[in-house]
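Peer 1: Sharing a structure with you now.
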Amino acid sequence: MGTSQSVYMANASDQDIYVIASLNPDWAIADFITDIGLLLVGVEELKAVTTTAELPEALVTIRDLYNFLKISAQLLSGTLSVGSRSAEAALALVEAFKKTSIPIASGDFKNVHDEGVLGIYLSADGIGGLLGASTVSVMVLSGDGKQLAMWNSNSDHSWIATNEQKIVRSKYGSIWQQDPDAGVQNWPISG
């Protein structure tokens, strides 16, 4: 808050949220998450039950993960239906994401930049890349897996996940005071 290299995420929603902060959306996920096997199992489950053209061919980058999770969110919210096991497959990927991301309980906040750098899920290459970053890609998933957002943030901005299907910038130097004029990210229930 107020110092460079701090991206705080506050959770003012009614459910836990899960966050990944990365160097950029095209960052190789293997440089970022050391236990990629959990995510690959979820991706394979999803690919086994859906053939939608929106699915990436493979899980290589953070952007690919976002696109897989976007399909999962649509399946879980009921706006996309592709088979009898589709919700189970979507849930498998969401659960894997939860295990490899930063959890933030409702009413709590964390510095996702520091947790990302110091967390156990980063490889040595990932740590080296994130330390000098002036922008950070942030991905936020709701606990029920139905809301997903990804955007680039300045490395000293703070954000608040709300119940209004928005993620709002915090007033500079504050965690909980919203400043929608400074920035708003849509965080809709997928549809």
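Since every read-out is calculated from the coordinates, none of them should be taken as a lab result. Model, not experiment: these values are computed from the prediction. Note that each Cβ is placed from the backbone with ideal geometry, even for glycine, and that neighbours are counted across all protein chains shown.
Peer 1: If I stretch the segment between TYR172 and ASP14 completely, what's the gain in nm (0.36 nm per residue apart, minus their alpha carbon distance), one decimal? Working shown, then result.
Peer 2: Values: separation 158, 0.36 × 158 = 56.88 nm, distance 2.39 nm.
Once the chain is fully extended between TYR172 and ASP14, it gains 54.5 nm.
Peer 1: Points 7 angstrom from Cα along the Cβ direction at ASP181 and ASP108: gap in nanometres?
Peer 2: Inter-label distance under the simple model: 3.4 nm.
Peer 1: Based on other C-beta atoms within 10 Å, arrange PHE68, PHE109 from fewest to most. If you can, show how the numbers build up before the last one.
Peer 2: Working: PHE68 23, PHE109 20.
With the fewest neighbours first, PHE68, PHE109 line up as PHE109, PHE68.
Peer 1: Set the Förster radius R0 to 22 Å, insert the Cβ-Cβ distance between ASP144 and GLU88 as r into 1/(1 + (r/R0)^6), and round the FRET efficiency to 0.05.
Peer 2: Numbers: r = 15 Å, r/R0 = 0.67.
Working from the Cβ atoms, E equals 0.90.
Peer 1: Subtracting the Cα-Cα distance from 0.36 nm times the residue separation, let me have the gained length for GLU54 to ALA30 in nm, one decimal. Intermediate results must be reported in sequence, preceding the final value.
Peer 2: Working: separation 24, 0.36 × 24 = 8.64 nm, distance 2.19 nm.
Between GLU54 and ALA30, full extension yields an extra 6.5 nm.
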